[in-house]
Structure formats: structure tokens, C-alpha cells
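Computed from the coordinates by the stated procedures, all read-outs in this text should not be read as laboratory data. Bear in mind that the values here come from a model prediction, so they are computed numbers and not experimental data. Here the Cβ is made from the backbone with ideal geometry for all residues, glycine too, and neighbour counts use every protein chain on show.
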Amino acid sequence: MSAREALALVCDDFTELPAAEGPSAGDGPIGWPGYDRTRAAAAARSGESESVVCGTGTVGGTRTVLVSFEFGFLGGSIGEGTGARIAAAHAHARAHRLPVTVLLATGGSRMHEGMRALVQLQRLAGESARTRAAGLPQLAVLRDPTTGGGWATLGAGSDVVLALPGAQVGFAGSRVRPPDADPAAYTAASQLAHGHVDAVVPAEELRGVLGRWLSLLTRPAEGRVPPPYALGGTAPAASGREAVARARRPERPRADRYLAEVFTERAELSGDRAGGTDPGTRCGFGRLPDGRTAAYAAQCGTATRPAGFRTAARLVRLADRLGIPVLTLIDTPGAANDAAAERAGAGPAIAELFGAVAEARVPVTALLVGEGGSGGALALAAPGDTWATPDSYFSVIAPELAAAILKRPPEEADETADRLRLRPEDLVALGVVRGVVGARPPAGPGG
């Protein structure tokens, strides 16, 4: 797939930006013998004068700056000319308040330009940082192959990373890996499984998926997200032990039902960008009924893994930078406490999420929809704007574990639950939550 074929795959009305300064004349910055002839031959084969084509286009109704790599031009390698064009594209994006979408297909830095090529990675990282500081989203689509510095800057450094099926993705290209390296590790599927890619998208679906992401990330809702109505029982629990039992019922509404109630459509982030994913934590952006966007981080009732906390922190930081309000749904018996969780950094991951929520400038609203076990639940709570459903509880720790800590026999767990004052009404009285949400009022005449 050429650069222009990739552009045609996602948009119809591409307008190319004027080409920025090219590479040094002759045989380039380090005098590579025959480089000028090599470059001319690459241009003749590919029809392009550099390894990127830059411009603007509309994808799914959203205008964006597009940077598309031409692998037919010296393997999509990054040289001085590449850096100049991408820098100009980012400057245009900032001047016109447009998101940046990169369609990658690159083998890395251009050998013919030596260190002058390699330092373009710093240039690209700097441009990306300035665009990030301007509050503009950056998206990447990984084509085959995406390796080397292109992956380690424009690809992995993007806010949302999509990949085409079968794409080779990795920092090490095929010619520089250890001879015994597992080739499966250098694929889009592997990068998705290990938390470095958000989705692998078939080519025929890419336009729609990319358009949805661009729309969601550029239309923030105004003000806070109100807590959803309760979808389960609304009668107050008579005791702490009853509150715990109700929150643990298998049929109790979970995060998916609440998310479906709040949003008309959603797009999800995947992974913590540190090697992990947690299927029990859902994070992403959704469209509210008024067409605006809110972000969400939702626990799904399982013990939250370190990757889940880091993914939620990633979500909160991104939403904060883009000015998008956040809704969190709390539902976990607590943070995962097995040996694997400790080795994966449970403590630092929880600390990271606490910090992201505390530092957020956008409104964060939290709703306790089930179990609220200890710090693993509190990390998603919004200081001053946390609510509870009637079939939930929040506790310093699960009653059974509290009894163990207090050196009480297991049969005293129910009594401990009563003493912990963990019912939603108790939490309101203690000042831990703002209120208990009720059921949606019945629709009036005509509504």
C-alpha cells in the first residue's frame, strides 16, 4: 500500500501541504557515495520526492492533518527531508487547531544520512510534544512494516494507536533482531496483547473507526458528567452485611449496562503502554446523547490488576489534556494482591492513578455501582463528586479481610461488615460520597 493509497483508504478530499525544505544537495549531509542517484531512483519508482506525503483531509466528518509514509521511497526511512515535512505538518496542525493522524510504514532512520537522520527522532518527538501541549489529539495507524524510530516516536507516542492486521510492528526491524528472536513478538497482534496498541482494525473498517476516534476526541462535553441513574434495586440496605450481599449478587448491573445507558457510542483504549492489559478495566471515550464526548474508566467487578490502574491513569491524563470530562464507575473487591500483581507494581500503579485524578483540571465524576474494596476502589473515586447506587458498598477493606486483620474468626465477618458503616447511606453521613442515586424517573406525557 502506497502513501496515497493509504490516504485514499481513510479520506476522500486530501489536500497536500507545500513541501518543506528538502535534504542536503548532492550526496547528503555525510557525503554518502551515490546517495543523490539512489534518491532519484526512489523518486522515479514511487512517484514521491520524499518518504512522507503531508496534507489535510476529512475523515468521518472531522478535519485532520495527515502524514502518510511512502515505504516505496527508501523503505519509508526517516531523513532530514522527512523531518522537515513532518515538522511543517505539526506546525500547520497547531496553527489551525487540527488533530494529527499519522499513517506509518517505515523501516526506521535513513542510513545514507547517518546521525543527521537519527536526530530527526528528537525533532519529531519535540513537534509531537508541542502539539500535545497545545491540547490536540494525535492518532497513529500502523501499516506494514512499522519499525525503528518511527514506531518509537510517531507510533508509540500517539494518543491512540491503531494497526492493520498482519502488520510487522516493533522497534527492531527484521534485519537487526537476534537470530533466535520469536517473530510473533514483532506483530500488531502481539503489541495489542501486551498493551502497546489500542486495536487491530481490518482495512475495510479503518475509515469508520478512525473517523469515530477523531470525532470523539475533538468534541468535548461542557461541564461535568452527571452520575447515571441506578439500574438495580433502589431500596436501602438494612445492614452492612446486606449491603455487601447485594453488591456481590451475580445479577447486579455491571459496568457494561451503565456505559450503555450513558453513551450512544464508544471507542476504547487498550493497555497501559507498559506491557500489560486488564480486561476487568474498561477505559475509553463515548458520545453523550447531546453529541458531545466524555471519557470513562470503569471497573467490571474483578480485582483490578496493575495494568488496569495504569490504563485508567492514561485515560484520565489524556482526557485532561484534551479538555474532556471524565466519568468513573467503581466496582472491585479490591486491587489484585497476588505475587504477579506485586511484581507488576501494584503500589506504583495505584499511586499513578491517585495522582492523575488529583491533578485533573477537567471535572471527574465517580459512581460506585457495586463493590468498593479499599484503595483499589478509592483510586477511581472523585474527591468531592463521588456517588453511590443503592446496591453498593464502600469499605476500608472487604469485611472478611477486616476480620482477619483484627484477628477475629471468619464467622464474625458479617458483624464486622455492620460495624464498618459501609452502606451507601452511611457513606453519605460520613461525607465519603455526595449522595445515593435513584432510579430514572418515569417519562412524562409525550416523553
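A few notes on this one:
- Computed packing ranks the peptides 305-317, 109-121 as 305-317, 109-121, most packed first, by mean other Cβ atoms within 10 Å.
- Fluctuation leader among 165, 250, 390 - the chain, Gaussian network, Cα springs under 10 angstrom: 250
- Inter-label distance for residue 129 and residue 5, nm, one decimal - labels placed 7 Å from Cα along Cα-to-Cβ: 3.7
- Here the extension length gained between residue 15 and residue 43 equals 8.1 nm, from 0.36 nm per residue of separation less the Cα-Cα distance.
- Averaging the sequence gap over all C-alpha pairs within less than 8 Å and six or more residues apart, then dividing by the number of residues, gives the chain a relative contact order of 11 percent.
- Tail weight of P(r) past 17 Å, computed on alpha-carbon pairs of region 271-348, percent: 45
- Beta bridge orientation in the chain: antiparallel %, DSSP, nearest 5: 35
- Kirkwood analysis of the chain, using all unique Cα-Cα pairs, places the hydrodynamic radius at 23.7 Å.
- Per-residue 3J(HN,Hα) values for region 353-361, derived from phi via the Karplus relation 6.51 cos²θ - 1.76 cosθ + 1.60 with θ = phi - 60°, read 5, 3, x, 4, 5, 5, 8, 4, 8 Hz in sequence order (x marks Gly and Pro).
- Potential lengthening between residue 115 and residue 419 on full extension [0.36 nm per residue; Cα-Cα distance subtracted]: 102.8 nm
- When peptides 61-74, 408-421, 329-342 are sorted by average Cβ neighbour count within 10 Å, with the highest value leading, the order is 61-74, 329-342, 408-421.
- Lys, Arg +1 and Asp, Glu -1 on Cβ, resulting dipole of the chain about Cα centre, debye, nearest 20: 580
- The Cα trace of region 3-217 gives Rg and Dmax of 16.3, 49 Å, the first to one decimal, the second as a whole number.
- Where the Cα pairs of region 227-316 fall when distances are cut into 5 Å bins, in %: 3, 13, 20, 19, 17, 15, 9, 4, 1
- Percent of C-alpha pairs per 5 Å bin, region 93-137, short to long: 5, 20, 21, 21, 16, 12, 5, 0
- For region 69-160, the alpha carbon positions stretch 35, 25, 18 Å along the principal axes, listed from largest to smallest.
- Pairwise alpha-carbon distances in region 240-436 exceed 19 Å for 58% of all pairs.
- Our estimate of slack between residue 249 and residue 229, defined as 0.36 nm per intervening residue step minus the Cα-Cα distance, is 5.3 nm.
- Test item: Cα-centred dipole of region 3-217, Lys/Arg +1 and Asp/Glu -1 on Cβ, debye: 380
- Packing-based ranking, highest mean first, of 368-378, 343-353 given that Cβ atoms within 10 Å are counted: 368-378, 343-353
- Label-point separation, residue 396 to residue 96 (7 Å along Cα→Cβ), nm: 5.9
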